[in-house]
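Only one structure is covered here, and it is reproduced in the block below.
The values are calculated or read from the model by the stated rules, or taken from the named source; none is laboratory data. The structure presented is a predicted model; accordingly, all values stated were derived computationally and were not measured. All Cβ positions, even for glycine, are placed from backbone atoms using ideal geometry, and neighbour counts span all protein chains on display. Please note that ligands, DNA and RNA were not included when accessible areas were found on the heavy atoms of the full protein model with its side chains. Shrake-Rupley method; radii C 1.70, N 1.55, O 1.52, S 1.80 Å.
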Amino acid sequence: MVQTINAITPLDEARAILGQHFDLKFSKAIERATAPVYDRVRDKIPEIEWPFYAPLIFEINRLKKEKDAVILAHNYQTPQIYHGVADIVGDSLQLAVEATKVTQQVIVQCGVHFMAETSKLLNPSKTVLIPDSRAGCSLASSITAEDVIAMRKMYPGVPVVTYVNTSAAVKAVTDVCCTSSNAVDIVNRVEGDTVIMIPDQYLARNTAKLTHKKIITWAGSCEVHETFTADDISELRHAYPTAKIIAHPECPPEVIDAVDFAGSTAAMIDWVKSTKPPRVVMVTECSMSDNVASETTGVDFLRGCNICPHMKRINLENVLWSLHTMSEEITVPEEIIPAARLAVERMIEMSRKRD
Ligand code: 13P
Ligand code: SF4
């Protein structure tokens, strides 16, 4: 029987299968080759665990060259992926822009499904792989293309601004996409004084506070950020009176009102690196502060985060298997590619004009 690693293979089994194809021993050569990576993550990964990660990192980096592949990783990926194997890291907008520039034949998306779909839309001649296709998103699964068509009928002529955290089918019935880093700008730039902004009710309400336009929204939310409350922020202030608290705009408006800064994952990283607060709490996915801590000295990162179960479906084991077997490949139905792509390209174009 041919053994394979799929979405439900337990980690120890996956390692046993990988061991049949790769030498996963922690040799002196691998220790030396991965030492620069370990230097960056030593605060987050105990020395005793490094022998498990290092051979996988070594093999992934070797296979990337052999397969002419590039790894695009979101800021919420684990430190071993973010610092160990990623070629490009960023927020959703940065990853979309970078996907348009990839010259390698293969893109491995370390992130969630809609991000891989966006890469495929923007660079359709490339093979785009996601190591676990179950890596979804509660926002993307909250709305269908039929829902958007029904909304359009309800509000004829009102432009539809769609968060990139949606399927390609939803993007295809959209006027323009947005991300958390350009939402206010995009809403201000579309025609008219009313905008349909879907599917994140909280991003929409947080945007509404920063624009004069009327925003009609949808009842979607991010399962990771919707659980933060204003009381959580008060408790954090009480526990860490000298710390700055920053949050992602997918959090409820009462949370955003209570924090010192709100922005996309990239904007939060930039804020920490430029402001250098002595202590900071990043109210978002937990890997964010782990990743930025490794790149920032003089800032004490305190915990106030949740884990995104979808982002955490991606691990070194399935990244290696993905490259080895060239799976799971992302495909987008031909008939929806042009319209979905146009909505993302319009966003990129409008974001460029802003700079
Ligand atoms: P960013 O675009 O800010 O990286 O957000 C993506 C995301 O999924 C946040 O939950
Ligand atoms: Fe989706 Fe929230 Fe996870 Fe981001 S953090 S991928 S919005 S579920």
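May I ask for the percentage of alpha-carbon pairs in the chain that lie more than 39 Å from each other? Present the calculation step by step, with values, prior to reporting the outcome.
Values: 9811 of 62835 pairs.
The calculated P(r) of the chain puts 16 percent of pairs beyond 39 Å.
Say we join alpha carbon atoms closer than 10 Å with springs in a Gaussian network model of the chain; which of S138, S221, S167 then has the biggest fluctuation? Top of the fluctuation ranking is S138.
How much accessible area per residue does the stretch 1-144 have, counting only protein heavy atoms and a probe of 1.4 Å, in square angstrom?
On the way: 6350 Å² over 144 residues.
Roughly 44 Å² per residue, with all protein chains present.
The reciprocal of the average 1/r between distinct C-alpha atoms defines the Kirkwood hydrodynamic radius, which for the stretch 222-355 equals 17.3 Å. For the peptides 66-78, 285-297, the ranking by mean Cβ contacts within 10 Å, running from highest to lowest, is 66-78, 285-297. Measuring between their Cα centroids, the stretch 299-355 and the stretch 157-179 lie 16 Å from each other. Give the long-range amide H neighbours of Y163: residues separated by 5 or more places, or on another chain, with amide H under 5 Å away, using H modelled in the peptide plane at 1.01 Å from N. Here the answer is C178, I198, D200, since their amide H atoms fall under 5 Å of that of Y163. Counting only cysteine Cβ atoms and a cutoff under 4.7 Å, the chain contains unmatched residues C110, C137, C177, C178, C222, C251, C308.
Relative contact order for the chain: what percent, with Cα pairs under 8 Å and sequence separation of 6 or more? Before the final figure, lay out the partial values.
Working: 665 pairs, mean separation 73.2, N = 355.
It comes to 21 percent, rounded to a whole number.
Anyone know which of V41, V161, V187 comes out most mobile in the 10 Å Cα GNM of the chain? Maximum fluctuation in the GNM of the chain, among the listed residues, is at V41. The Cα atoms of the stretch 17-67 cover 30, 21, 18 Å along the three principal axes, with the biggest extent listed first.
Straight-line cross-link partners of K153 among the lysines, defined as a Cα under 21 Å from its Cα and at least 8 positions apart when in the same chain: K171, K213, K214.
Normalised by the number of residues in the stretch 148-266, the mean separation of alpha-carbon contacts (under 8 Å, six or more apart) gives a relative contact order of 21 percent.
Taking the Cα centre of the chain as origin and charging only Cβ (+1 Lys, Arg; -1 Asp, Glu), how large is the dipole, in debye to the nearest 20? The dipole magnitude comes to about 660 debye.
In summary, the lysines within cross-link reach of K209, defined as a Cα separation below 23 angstrom excluding same-chain residues under 8 places away, comprise K244, K353. Counting only lysines at least 8 places from K64 when in the same chain, those with an alpha carbon closer than 20 Å to its own are K25, K101, K120, K126. Cα centroids of the stretch 98-148 and the stretch 33-69: 25 Å apart.
Between P309, P46, P199, the residue with the greatest mean-square fluctuation in the GNM of the chain (Cα pairs under 10 Å linked by springs) is P46.
What's the Kirkwood radius of the stretch 203-267 in Å, using all Cα pairs?
Numbers: mean 1/r = 0.0791 Å⁻¹.
Evaluated on the stretch 203-267, it is 12.6 Å.
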